[in-house]
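Below is one structure; the comments refer to it alone.
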Amino acid sequence: MKTETLWAFWKRPATYRVTLPKLMAVAYVLLAILASVIAPQNPYDPLQIFAWEASSPPGTVSGGGYLYLLGTDGLGRDILSTVFYGLRISLFVAVTSTVLAALIGMSLGVIAAYLGRWADALIMRIVDLQLSLPTMLVALIAIVTLGPGVDRIILALVIVQWAAYARVTRGVAMSEASKAYLDAARLLRLPPWRIIFRHLLPNSIAPAITLIPIELGHAVALEATLSFLGLGVPIDKPSLGSAVANGFQYLMTGQYWISLFPGLALFGLIASINFVGEDVRRRFDPRSL
Amino acid sequence: MTTTIIGRLSQAFLLLLAMSIIGFAGIHSVGNPVFNIVNVETATPEDIRRATIALGLDQPLWQQYFLFLGNVVSGNFGTSYIYHLPAFRLVMSKLPATFELAAIAMLIAAPSGVLLGLLAGRRKDTLLDRTILNSSVFALSVPSFWLSMLLIMVGAVMTGWFPSGGRGETVALFGVTWSFLTASGLAHLALPALALAIPNIALIARLTRSGTVEVEAQDFTRFCQAKGLSPRRILFRHTLPNISVPIVTIIGMQFGGMLAFAVVVESIFNWPGIGKLLIDSIQLLDRPVVMATLTFVAVAFVGLNALVDIFYAVLDPRTRRSA
């Protein structure tokens with residue numbers, strides 16, 4: 001992989017192309033932030049929900065006067081509003097865990113490369129072992145150990161993801177560590193933490209940053225899967241995954257809209273993130289998949 | 001070579017040991033399984049005490065762990081709290097169903113993925129190539145649970161072509177029951193196998209495509225063309241063997257991954273394999289079965305990867321010489 005400092009990446013002339021996936025990704029973020037403003041109904045507020053309008057097909061007009069554009073679920077919640085609010089939780093969990101995992105993974109990668117010896121051996125063995133298992137298995141073990149809850153699922157996703165960043169960052173940091181500017185920093189008797197985080201880290205993380213969009217897509221999918229299995233976010237504040245799960249039991253009776261639309265939103269979200277990630281990866285490393 | 005194998009094995013062993021400790025401590029902190037066994041409303045403190053002793057939960061945690069570890073080494077994970085059967089035997093009894101599902105899915109995914117990848121790589125940068133590449137991103141973006149539900153919606157609810165769940169009729173062979181030997185079993189297999197196969201088709205196709213593009217640019221391919229070999233012969237006799245190592249790697253890894261990912265597909269299609277057993281056991285706090293299943297999947301995956309490594313030597317003489 002081409003190594004490039006973060007600074008050079010930042011200064012590179014902008015060759016920015018607006019593409020559909022990028023627009024979609026931005027739209028998703030806006031929808032998630034503005035969920036409470038644009039959603040016709042607050043699906044967490046029992047006073048706004050009419051139980052007798054449960055399982056209305058798309059296009060039904062509510063007794064409250066507004067239109068159930070995508071229908072309602074088995075509890076009478078407007079699907080469109082559930083999708084907006086669910087999007088908010090899905091994105092919050094995925095973005096938080098990805099950022100935390102990136103920070104932790106990059107830091108540990110640099111620390112392993114700089115300290116070497118037992119610290120390197122310890123960190124990299126954990127990385128190797130973890131990356132040799134399927135992510136779903138690691139996630140399941142983590143969530144079984146941690147139990148359910150939004151904070152737990154974020155922690156579980158961090159545990160799943162940090163290793164990839166650590167491995168990539170360590171590789172770059174190893175070659176950076178032998179360069180003259182680090183010898184200079186050492187000769188200045190700078191404290192190790194300062195050398196690691198002020199000098200080595202900024203010069204070693206560019207390749208790992210290209211992982212972020214891909215890992216973000218994985219995080220969204222993994223959270224949705226765990227929530228679907230009932231091991232993720234609590235059911236009273238559904239993410240997109242649990243919204244799909246809510247509709248599963250109604251699928252057999254032909255009430256397709258309860259699970260179809262949240263699933264479609266989820267699919268669009270993951271696909272747009274993946275297309276952006278593909279674009280980023282291709283720009284940095286034309287040889288990769 | 002021997003030292004690397006021993007090193008790899010001891011590493012794997014340490015991993016499994018660490019996982020067993022973390023998993024054991026974690027599952028103990030989740031909840032007390034006694035309350036799932038006794039009737040909470042009517043049980044007296046005496047009942048609860050008796051159930052606790054019967055499950056061995058009155059002993060200190062570390063003692064429970066070492067008891068557990070000693071048993072694991074002898075293949076004994078304890079008795080299921082729910083089914084009252086040895087946990088490991090329970091997992092083994094569910095294994096054929098999962099294995100069959102994963103095998104059929106891979107039989108669909110590997111040939112079609114390789115074929116699509118060769119096709120796309122051969123016609124690099126054409127409309128066909130871009131279509132295959134873009135649809136592969138879509139296929140990899142579909143969450144497997146939603147894909148499964150779509151398949152049920154289209155294949156079972158709307159058209160009624162396939163059953164929506166269960167294993168159908170099974171036939172015993174070598175003392176195990178299999179679905180793929182009966183027509184009804186095959187019909188039940190179709191949708192879940194497809195759900196597992198689709199993301200893998202995309203993954204294998206992408207890998208094959210990038211390998212094909214790389215190999216086709218090399219001199220020997222041009223030499224084969226100059227020799228007058230037919231494009232098909234070049235593709236299958238010269239290009240394909242040269243890209244087989246990464247393809248076999250991904251097939252091996254994905255097969256192990258399917259054992260783990262089958263959790264989702266099996267729950268949705270009500271397929272009585274180890275994935276469904278795992279989810280049910282997590283929800284019922286059936287500790288021995290959860291531990292037995294997770295341990296089994298981890299060991300199977302690590303073992304499968306080691307097999308793939310050995311298989312390299314068969315496929316690629318270069319790795320044999322360097323080893």
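The values are calculated or read from the model by the stated rules, or taken from the named source; none is laboratory data. This is a predicted model, so every value here is computed, not measured. Neighbour counts run over all protein chains shown; Cβ positions are idealised from the backbone, glycine included. For accessibility, only protein heavy atoms count, side chains too; no ligands or nucleic acids. Shrake-Rupley method; radii C 1.70, N 1.55, O 1.52, S 1.80 Å.
Here is how the numbers come out for the structure above:
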quantity	calculated
Accessible-area order (highest first, 1.4 angstrom probe) of the listed residues A:Leu20, A:Leu200	A:Leu20, A:Leu200
Probe 1.4 Å, all protein chains present, accessible-area order of A:Leu131, A:Leu260, largest first	A:Leu131, A:Leu260
A:His218, A:His199, reordered so the largest accessible area comes first (probe 1.4 Å)	A:His218, A:His199
Accessible area buried between chains B and A, both sides summed, probe 1.4 Å, in Å² to nearest 100	3800 Å²
Solvent-accessible surface (1.4 angstrom probe) belonging to B:Tyr312, in square angstrom, nearest 10	50 Å²
Along each principal axis, Cα extent of the range A:137-267, largest first, Å	73, 27, 23
Rounded if a/c under 1.5, otherwise prolate or oblate - the range A:60-163, Cα gyration tensor axes	prolate
Alpha-carbon spread of the range B:139-239, three principal axes, descending order, Å	55, 37, 23
Nearest-10 value in Å² for the accessible area of A:Met106, using the 1.4 Å probe	10 Å²
Shape parameters for the range B:174-221, alpha-carbon atoms, Rg then Dmax in Å	18.2, 53
Alpha carbon convex hull of the range B:100-172, volume per residue in cubic angstrom	119 Å³
Centre separation in Å (Cα based) which lies between the range B:106-146 and the range A:122-171	28 Å
Partner chain coverage, peptide B:131-143 - average Cβ within 10 angstrom	5
